[in-house]
Each structure stands twice: as structure tokens, then as C-alpha cells.
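Following: one structure in C-alpha cells, then a few remarks.
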Amino acid sequence: MKVLVLGGAGYIGSHTCKYLATHGHDVITYDNLSTGHLEFVKWGPFVYGDIRDYANLRQAVHKYNPDGLIHFAASAYVSESVSNPGQYYDNNVLGSLRVMEVLRDEGVRPLVVSSSCAVYGVPTENYISERLPLNPINPYGRTKLIMEWMLQDFAHAHQIPWMALRYFNAAGADPECEIGEWHTPETHLIPNVLNAILNPASPVNIFGDDYPTSDGTCIRDYIHVLDLAKAHFLALEYLYSQKPGLAVNLGTGQGKSILDIIATAEAVTAKKVPHKFCPRRPCDPSQLVASAELATKILNWIPEYTSIDKIITTAWQWACHKSHN
Ligand code: UDP
């Protein structure tokens, strides 16, 4: 199949392009390079463009006539969404609206979108299933939930086949080190932990040690980026079989605290992680762990990189590769 990947120069987008291309599919990347990297576009044509630019996006869909679209193009930092909500409503809500309008006007085809566990807010149960209430507690989560609602309405009115994939914490890197996690500034835990090893003068901040968890630090469900990539492909396949649209969690079902991540990074690298404790970051739920049974059931998705050691090993290989290049 031929897939137009919006935001294909970014972290999860580029790993999905590689996955699709190495499994025999054609990929076209559409990206405004605001956070993505041209160096990550290696598996097909590139179209420079912003998803909010209706005419440009429509032209790309018209030109390449893809069988399906995957939409990763979004702003994705919780803290930034709190300090600059306008950017998030503009990029994530208006941008996603433009994508749906283009499909409505240029011809509908399956659409898989990046959503987030941030749509659940503070979960009422330890393992988050798709049945839990949707109560996002930050602008980022609200923009993802609005996108999902818009998609349901467009699907109802215009028959767009859709799936929203609610990621937990994407982590790790391509084991061949062609691509990996590269954000400027980097705000995510695992790359910051590894960067602290590479630059001991800049210890990693641990945001909060007084959460109601076993060691007082936040617990997250880290899912390997290649397992996410595969899920996007399976989602497109699912939609080709005319099945109804829905939102699906992608996680491992295993929670790791910040101190667990530091301990694993020390074991994997055989080096100490310089760190310091800081106040809580605003709007961080104490624990987010997926129940990913639905993805296994309907997509037959079985994550391969389920151990946190493997995830951190690939992230470390990429961090070392990047620091040498
Ligand atoms: N975190 C941290 N130090 C950092 C980056 C993150 O202590 O340098 C914490 C953060 O407060 C959260 C967890 O690590 O509790 C995961 O944060 P990340 O930004 O990686 O992902 P999020 O869960 O916000 O999507």
C-alpha cells in the first residue's frame, strides 16, 4: 500500500516510515520540520508543508493519491501546552481539522491518528482501559481528545475509516541507529537520563519524590517506538477490512518509576546517572499504565520490546551514536 505520513520526519513518524518501507510499502512524508528532521526522511519522497495549510496538504493528497494516511504532526509536550495553549489548539485541533477536511473534499481513505494516554487525565484505576472516563487535565490531553471527537463526527458524516492510537510513553530507538529520539530541547525522561550519563555536569532532574507510588516518583508505561510503528501498520490493515473506527491504547501494561528507569539505565550502561530531586512538574499524573488488551484483541498487536532493559539499550545505542555524529 501507499501511505502518506503526516509528521513523518519526527520521532514516531520516522520509525513508522522505516517499518512500512522495510515491509514493502510506499511512504511519502509530509512535514513542516518544526520539530522533525530532514535527515530522518530516508524511505520515500518528502513534501515540505504544514498540516494547517489546506491547499498544500490537499495538493499532496491529490498528487500521491495514497491508500491511507497516518497523522503524527502535532505538538506533544505537556508543560509547553500549559504555558502556550494557543500553539496546541492551533496545531493539534485546527491542524487535525484541516486533515479531515482534505479527506472529505479530496476523497476519503483510512486515517490513523496519534492520540495519547493524556486523554484519561488522572485515571480512576491502576490499569487504564479504553472504557475509563476521559478527563484530560492539561491542554495537550484536551487537544488530543477534541481531535478524537472531531474524527468521530467526520467519520459519521463522511464515512472516514479511522483509528486513534492512544500511546503511553514512547521510548527507545531503531536498533540499527538510522533514526532515534531527537528533540530540542529534550524534555523526555529516558533521553534526559542518558544525556546525564554522557554529560555528567548536567544531572537529570527528577520532578517530584512525594507521589503516592512505591518510591515516591511517577510511574509510566514505556513502549518501544518500533512496537508503536508496527501498530500503525496493523491499524491501517484493520481499517482496510471495513471495520468500525475506534480508539485503542498502546502500552505494555508494565509501570516503571523514574527511579526504576535510572536503576535500569545504570545497569545497561554500567555507569552512574547523575541526578537531582526537584519539585513536581505541573499537571503530571502520578501513574499511567495501560491495559492494552484491546489492541491485542482487535489488531493482533503483540509488543516485542517489552523489557525496559531492551528499550533503554536501544535508546543508549542511539544516544551514543548521536553524540559521536
Ligand atoms: N521526568 C523527570 N525528569 C525529566 C523528564 C521527565 O523527572 O527530565 C518525569 C516527568 O515528570 C514524568 C515522567 O518523568 O513524571 C515521564 O515524563 P516524560 O516527559 O518523559 O513523558 P510524559 O509522561 O510527560 O509524556
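Filtering the range 248-280 to residues that are in contact (Cβ under 8 Å) with a residue 24 or more places away in the chain and in a helix (DSSP H, G or I) leaves Ile258, Leu259, Asp260, Ile261, Ile262, Thr264, Ala265, Ala267, Val268, Thr269. Kindly indicate whether Ser286 is under 22 Å from the mean Cα position of the chain (by Cα) and within 13 Å of the ligand (Cβ to nearest atom). So Ser286 passes the test.
Residue by residue, here is whether (1) in contact with a helix residue (DSSP H, G or I) (Cβ under 8 Å, 6 or more places away or on another chain); (2) within 14 Å of the ligand (Cβ to nearest atom); (3) among the aliphatic types (A, V, I, L, M) holds:
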site: Phe72; (1), (2), (3): yes, no, no
site: Met100; (1), (2), (3): yes, no, yes
site: Ser115; (1), (2), (3): yes, yes, no
site: Val119; (1), (2), (3): yes, yes, yes
site: Gly141; (1), (2), (3): yes, yes, no
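The single condition among (1) more than 16 Å from the ligand (Cβ to nearest atom); (2) under 28 Å from Tyr140 (Cα atoms) that Asp309 does not meet is (2). Taking the range 9-118 as the region of interest, the strands (runs of 3 or more DSSP E) fully inside it that hold 3 or more residues being among the hydroxyl-bearing types (Ser, Thr, Tyr) and under 21 Å from Leu226 (Cα atoms) are 111-116. Here Tyr64 fits the description: farther than 30 Å from Asn138 by Cβ and buried (at least 16 other Cβ atoms within 10 Å of the Cβ). For the range 139-179, the tally of residues that are on the phi > 0 side of the Ramachandran plot and buried (at least 21 other Cβ atoms within 10 Å of the Cβ) stands at 1.
Among the conditions (1) closer than 24 Å to Leu69 by Cβ; (2) among the polar types (S, T, N, Q); (3) within 17 Å of the chain's Cα centre (by Cα), the only one that Gln159 does not satisfy is (3).
I'd like to know if the range 207-218 contains one or more residues that are among the polar types (S, T, N, Q), more than 9 Å from the ligand (Cβ to nearest atom) and in contact (Cβ under 8 Å) with a residue 40 or more places away in the chain. Looking through the range 207-218, at least one residue is among the polar types (S, T, N, Q), more than 9 Å from the ligand (Cβ to nearest atom) and in contact (Cβ under 8 Å) with a residue 40 or more places away in the chain. Can you name the residue in the range 23-48 that is more than 20 Å from the chain's Cα centre (by Cα) and not acidic (Asp, Glu) and is also surrounded by the fewest Cβ atoms within 10 Å (Cβ to Cβ) among such residues? By that ranking, first place goes to Gly24.
Quick check on Leu294: is it more than 16 Å from the ligand (Cβ to nearest atom) and touching a Gly at 6+ places or on another chain (Cβ under 7 Å)? Spelling it out, it is not the case that Leu294 is more than 16 Å from the ligand (Cβ to nearest atom) and touching a Gly at 6+ places or on another chain (Cβ under 7 Å). Please state which one of Leu111, Leu94 is more than 16 Å from the ligand (Cβ to nearest atom) and touching a strand residue (DSSP E or B) at 6+ places or on another chain (Cβ under 8 Å). Only one candidate passes the filter, namely Leu111.
Table: residues versus (1) within 15 Å of the chain's Cα centre (by Cα); (2) not hydrophobic (A, V, I, L, M, F, W, C).
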residue	(1), (2)
Asp50	no, yes
Tyr54	no, yes
Val93	no, no
Met100	no, no
Pro110	no, yes
Ser114	yes, yes
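Restricting the search to the range 292-307, which residues are more than 17 Å from the chain's Cα centre (by Cα) and under 30 Å from Val82 (Cβ atoms)? Leu294, the sole residue that qualifies.
Table: residues versus (1) farther than 21 Å from Ile12 by Cβ; (2) among the basic types (Lys, Arg); (3) touching a helix residue (DSSP H, G or I) at 6+ places or on another chain (Cβ under 6 Å); (4) more than 13 Å from the ligand (Cβ to nearest atom).
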site: His188; (1), (2), (3), (4): no, no, no, no
site: Val204; (1), (2), (3), (4): yes, no, yes, no
site: Leu228; (1), (2), (3), (4): no, no, yes, yes
site: Leu236; (1), (2), (3), (4): no, no, no, yes
site: Lys243; (1), (2), (3), (4): yes, yes, no, yes
site: Val248; (1), (2), (3), (4): no, no, yes, yes
site: Gly253; (1), (2), (3), (4): no, no, no, yes
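Taken over the range 259-276, the criterion of being near the ligand (Cβ under 9 Å from one of its atoms) and farther than 18 Å from Ala171 by Cα is satisfied by His275 alone.
Every read-out reported here was derived from the displayed coordinates using simple, explicitly stated rules and does not represent laboratory data. Here the structure is a predicted model, which means the values were calculated and not measured. Neighbour counts are summed over all protein chains in view; Cβ atoms, including those assigned to glycine, are modelled from backbone coordinates with ideal geometry.
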